[in-house]
Amino acid sequence: MSALTTEKLSETVGVKILGVDAERLATDEDLPGQCLELLERHSVLLFPELHAGDEAQVAFSRKLGPLASFPNFPNEHVMIISFDPDNPNAKYYPSNDYWHIDGSMDEVPARASIMSAHVITEEGGETAFASTYAAYEALSEREREQLAELRVIHRMARIQSRTFPNPTPEQKADWARFPDREHPLVWTHESGRRSLVFGASASHVVGMDFDRGEALLEELQERATTPDRIYTHTWSVGDLVIWDNTGLVHRACEFDRSLPRRMHRSTLVGQEPIK
Ligand code: OGA
Ligand code: MN
């Protein structure tokens, strides 16, 4: 097994993988296993300027695990992230600007995402990441005890109203199609590790005064995402980033949405519910 050369991207999250090109991505049979190990440890992997096309990206993603399907996109394993008016999901993407876990409205959120930059903007449009394992580890013993049993309601309207505070009746009806989801605040993973579950969908804490619960969730998020606890990726065309969606929150950074920006994302389906 040839070792991978890596470089840390920040104190708590992210590692850059050097010396892998599209050819090695396709042929190195040890690489998927090594990536999964690095992903568990660092939560975000960056392959700079890899320039993997959709086929190469999907073929590699498959070696990491089973893929989610997006039937409304031309390649069902590649979700296009863009504000192009033809993009069937464009109406949901503005809320990517808020810290979130992909699929937090699902019982089993995605395991990981693999995203390539195809078109980028000169300014803005970075993607930021923060470890929710590190967020749990930074709690005091007393806080861990206080939070241990709390449960949180996740709500589509909570996510979307961050972008659309005055929704139309149509928007309200659309959001209401997604049932609320209750998750524990502390996720005890099958590996034994613990992470915090917060983000844009987190509405309030079950059995706690609504405003107090909301304030608690906001405080935990703020502490977990201070500048020294995040990695913000400034994209170059061709960069491929893999993020572990289970111990991490991420967000897109602002850019001029009248300019094209297009990312191609494949997703590994989740393997364990939040519990
Ligand atoms: C996503 C996402 C962030 C970005 O695709 O799930 O949050 O920077 N994208 O586009
Ligand atoms: Mn996302």
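The values are calculated or read from the model by the stated rules, or taken from the named source; none is laboratory data. Note that the coordinates shown come from a computational prediction; the quantities given were computed from them, not determined experimentally. With ideal geometry, Cβ positions are generated from the backbone for all residues, glycine too; neighbour counts draw on all protein chains shown.
Name the residues in segment 265-275 that are more than 14 Å from the chain's Cα centre (by Cα) and within 10 Å of ligand 1 (Cβ to nearest atom), would you?
Scanning segment 265-275 gives no hits.
If I go through segment 184-202 residue by residue, how many of them are closer than 18 Å to E149 by Cβ, touching a strand residue (DSSP E or B) at 6+ places or on another chain (Cβ under 6 Å) and not hydrophobic (A, V, I, L, M, F, W, C)?
The total comes to 4.
Give, as residue ranges, the strands (runs of 3 or more DSSP E) completely inside segment 202-262 that count at least 1 residues that are within 13 Å of ligand 1 (Cβ to nearest atom).
Where strands (runs of 3 or more DSSP E) fall fully within segment 202-262 and carry at least 1 residues being within 13 Å of ligand 1 (Cβ to nearest atom), they are 230-233, 240-244, 248-252.
Tell me, which residue of segment 6-31 that is β-branched (V, I, T) and in a strand (DSSP E or B) is nearest to G53 (Cα to Cα)?
I17
Scan segment 237-254 and tell me whether some residue there is over 20 Å from L64 (Cβ atoms) and either more than 16 Å from ligand 2 (Cβ to nearest atom) or in contact with a Cys (Cβ under 9 Å, 6 or more places away or on another chain) (or both).
Checking segment 237-254: at least one residue is over 20 Å from L64 (Cβ atoms) and either more than 16 Å from ligand 2 (Cβ to nearest atom) or in contact with a Cys (Cβ under 9 Å, 6 or more places away or on another chain) (or both).
Being under 18 Å from the mean Cα position of the chain (by Cα) and at pLDDT 95 or above is the requirement here; does A59 meet it?
So A59 fails the test.
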